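Structure first, then comments.
The values are calculated or read from the model by the stated rules, or taken from the named source; none is laboratory data. Since this is a predicted model, take the numbers as computed values, not measurements. A quick note on method: Cβ atoms are made from the backbone with ideal geometry, for glycine too, and the neighbour counts reach across all protein chains shown. Side chains are part of the model used for accessible areas, which takes the heavy atoms of the whole protein and leaves out ligands, DNA and RNA. Shrake-Rupley method; radii C 1.70, N 1.55, O 1.52, S 1.80 Å.
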Amino acid sequence: MCGIVGYTGEQEAMPIIFEGLKRLEYRGYDSAGIATLDQRDRIELRRSVGKLYNLEQILKKSPMTGHVGIGHTRWATHGKPSDVNAHPHVSMHGEVVVIHNGIIENFLPLRQELEDKGYRFVSETDTEVLPHMIEDYTRQGMTLTEAVRATLHRIKGAAAIATMSIHEPGTLVAARIANAGGVVVGYGDGEMFLASDIPAILQHTRSVVYLNPAEVVTITQHGAIYTDLAGNPLTKHPTTVAWDPVSAAKGGYKHFMEKEIYEQPVALTDTIRGRVDLPNNRVLLESANLDAETVRGLSRVISVGMGTSRHAAMVAKYLIEELAGIPTESEVASEFRYRNPYVGPNTLFLAYTQSGETVDVLEAMAEAKRKGARIVGIINVVGSEASRQSDGVVYLQSGPEIAVASTKTFVCSLVDSALLALYLGQQRGTISEERMRQLLNAINALPTLASQVLDDSPANRAMYEALARKYAGASNFLHLGRGIEYPIALEGALKLKEISYIHAEGFAAGEMKHGAIALIDANLPSVVIAPMDSIHAKMISSIEQIRARDGKVIAIATEGDEEIRDKADDVIYIPATDPLLVPVLATLPLQLLAYHIAVRRGADVDQPRNLAKSVTVE
Ligand code: G6P
């Protein structure tokens with residue numbers, strides 16, 4: 001969760017930007033930086049790794065002046081934080097400065113193209129292509145706004161950016177493509193503000209405009225001009241933010257769960273950033289504390305968790321066996337701890353727990369540790385008990401999750417499992433260079449694909465609302481999946497039952513004929529996860545068996561699969577991706593379906609009855 005703050009007006013920009021960054025401090029981050037344009041229209045830049053305090057010390061020693069500027073904080077990524085990698089980034093000739101949230105999927109060819117033109121790169125970040133490319137376009141005669149649009153046409157990926165140029169003092173240009181964090185424009189009196197999140201600017205103004213994906217804004221102290229990516233003008237009117245801390249924290253969404261569902265492209269970006277090293281075709285996971293010798297010596301993996309985290313632990317089995325060739329078992333943590341499990345010294349024990357405080361997981365970890373296993377936690381909360389008990393940690397980097405039903409922490413733990421499996425495969429030599437490249441590119445593309453599934457357009461909302469109208473009266477649901485989609489069927493059923501109180505069961509599709517089929521009639525809807533993969537035909541056959549008994553089918557299918565339209569009652573499409581990553585995208589419609597059905601039934605979505613965010617008592 002990176003933060004952006006910008007200012008243009010009569011006041012000194014730096015203190016306003018610094019104060020705004022401080023208001024985003026709760027996120028925790030590994031670097032921060034501010035750029036201003038001084039009185040002589042030169043870019044001033046101060047950056048520092050670590051907490052905002054470090055930047056503050058630099059600013060005290062070396063203050064900055066200027067009435068226009070941008071600032072950035074970066075969420076702890078466990079990549080390689082360094083001053084040179086910190087934002088803002090300045091172009092080679094010092095004319096353009098940029099802040100960027102998101103991932104540029106095609107940064108390698110773009111960097112090559114710019115290097116061929118003579119641009120020198122000083123950081124390892126994908127972001128650095130942006131200032132160079134924008135500068136290159138402005139040097140060809142484009143305005144800053146035109147150059148931003150031209151640049152955005154070239155990049156693949158989700159992005160939120162803020163930029164300024166020495167040639168247009170007093171102007172800020174910001175833009176969004178897909179979903180990589182928000183951009184809010186704040187209106188003042190003779191001054192304007194820019195932020196990724198409202199709290200950063202709320203002390204100055206409550207009059208704001210939210211940028212939608214594929215929109216660009218050009219801001220001066222007197223106002224803002226909005227265009228689409230083609231340069232067509234857009235009319236947007238400021239709205240007034242009603243200030244109460246809870247609704248401000250919900251950021252315009254009705255429930256925290258809804259907000260967290262829509263935050264997933266950003267959460268995925270944060271979990272991927274710093275771990276996928278495309279230039280060297282490898283995964284960086286230092287925090288897992290697993291050296292090559294340890295990994296080569298592993299003979300077994302056990303993954304445990306509770307609830308949603310247990311489903312993520314199940315997916316890990318498929319990934320690790322496929323990519324690293326290590327026998328892997330997954331178990332409910334509360335079962336593991338109460339039997340006498342066999343654990344050898346060459347066992348890697350993976351503890352999945354977003355809170356890091358779930359008692360059954362902590363006890364299972366202690367049991368595994370007593371028996372000599374090496375413990376790696378897949379955890380969201382930094383400093384939690386589980387993180388302290390682990391030999392190594394892979395943090396989810398999802399940001400805080402408030403709704404009781406887990407959403408973004410789940411998809412991030414799926415991606416972390418894929419990264420961990422690749423990391424193990426890389427150390428054991430079980431994965432070819434080519435397969436590694438394919439999967440790293442596919443992982444990098446996930447935030448963009450997730451934003452397509454989570455398209456917040458009226459048409460997409462209407463589709464889910466229509467499904468909710470049609471199915472909210474059901475008393476039971478079946479969720480079916482096969483292979484790596486089986487745990488996702490379990491997760492879809494869990495999401496629906498915990499927030500809507502409809503009885504829902506997840507099944508391995510092949511098991512259906514051995515019991516669940518007896519339940520099927522016209523009143524029982526089944527959600528069938530049927531992506532285009534090697535077992536697609538089997539899933540179609542499951543759908544036919546359900547339909548033959550008058551059951552209703554909602555299929556989750558791959559875009560382009562027209563055949564399934566004739567077979568299922570309703571189809572929700574997801575974009576194609578690598579089969580091992582389908583669980584990430586298939587989860588998203590299941591969350592939205594559960595959410596809309598729960599809302600339709602008038603349930604307390606954020607705090608379902610009898611449930612707790614983390615279960616710390618036995
Ligand atoms: C509770 C929550 C679930 C969560 C589970 C495990 O049941 O309601 O959303 O998946 O605990 O929590 P953990 O923090 O260990 O992931």
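Some notes on this structure:
- Across all C-alpha atoms in the chain, the radius of gyration and Dmax reach 24.7, 79 Å.
- A Förster distance of 45 Å, applied to the separation of the beta-carbon atoms of Arg547 and Arg139, puts the FRET efficiency at 0.15.
- Net charge of the neighbourhood of Leu234, taken over other residues with C-beta under 15 Å away and scored Lys/Arg +1, Asp/Glu -1, is +1.
- Cβ-based charge dipole, the chain, positive-most Cα from Gly473, Gly274, Ile574: Gly473
- Solvent-accessible surface of the chain, averaged per residue with a 1.4 angstrom probe and all protein chains in place: 37 square angstrom.
- The alpha carbon gyration tensor of the range 19-69 gives principal lengths a ≥ b ≥ c with a/c of 1.5 or higher and a/b greater than b/c, which makes the shape prolate.
- Extension gain for the segment Asp291 to Glu124, taken as residue separation times 0.36 nm less the Cα-Cα distance, is 57.8 nm to one decimal.
- Within the same chain, lysines fewer than 8 places from Lys538 are excluded, and of the rest, those with a Cα less than 27 Å from its Cα are Lys317, Lys470, Lys495, Lys497, Lys513, Lys552, Lys567.
- Positive-end residue, the chain charge dipole about Cα centroid, Cβ charges, pick of His514, Val527, His167: His514
- Peptides 548-558, 44-54 ordered by average Cβ neighbours within 10 Å, highest first: 548-558, 44-54
- With the largest listed first and rounded to whole Å, the semi-axes of the equivalent ellipsoid of the range 43-193 from the Cα gyration tensor are 23, 20, 16.
- Length available on full extension from Arg339 to Lys61: 0.36 nm per residue minus the Cα-Cα distance, which gives 94.0 nm.
- Accessible carbon and sulfur surface of the range 218-363 relative to its total accessible area, %, 1.4 Å: 51 percent
- Seen through its C-alpha gyration tensor, with square-root eigenvalues sorted a ≥ b ≥ c, the range 333-479 comes out oblate because a/c lies at 1.5 or above while a/b is not bigger than b/c.
- In a reduced charge model with +1 at each Lys and Arg Cβ and -1 at each Asp and Glu Cβ, the range 186-267 shows a dipole moment near 140 debye about its Cα centre.
- Summing charges over neighbours of Arg310, with a neighbour being any other residue whose Cβ is under 11 Å away from its Cβ, gives -4 when K and R count +1 and D and E count -1.
- Point-charge dipole on Cβ atoms (K/R +1, D/E -1) for the range 111-269, about Cα centre, debye to 20: 280 debye
- A straight chain from Ala459 to Leu519 at 0.36 nm per residue would run longer than the Cα-Cα distance by 18.2 nm.
- Formal net charge of residues neighbouring Met532 (Cβ-Cβ distance under 15 Å; K, R +1; D, E -1): -3
- Taking every full run of DSSP H in the chain, the ones that stretch at least 27 Å from end to end by Cα along their long axis and average 0.0 or higher on the Kyte-Doolittle scale are 408-428, 582-600.
- Cβ-placed point charges (K, R +1; D, E -1), dipole of the range 232-324 about Cα centre in debye, nearest 20: 220 debye
- FRET efficiency, 1/(1 + (r/R0)^6) with R0 35 Å, evaluated for Ala537 and Ser299 via beta carbons: 0.45
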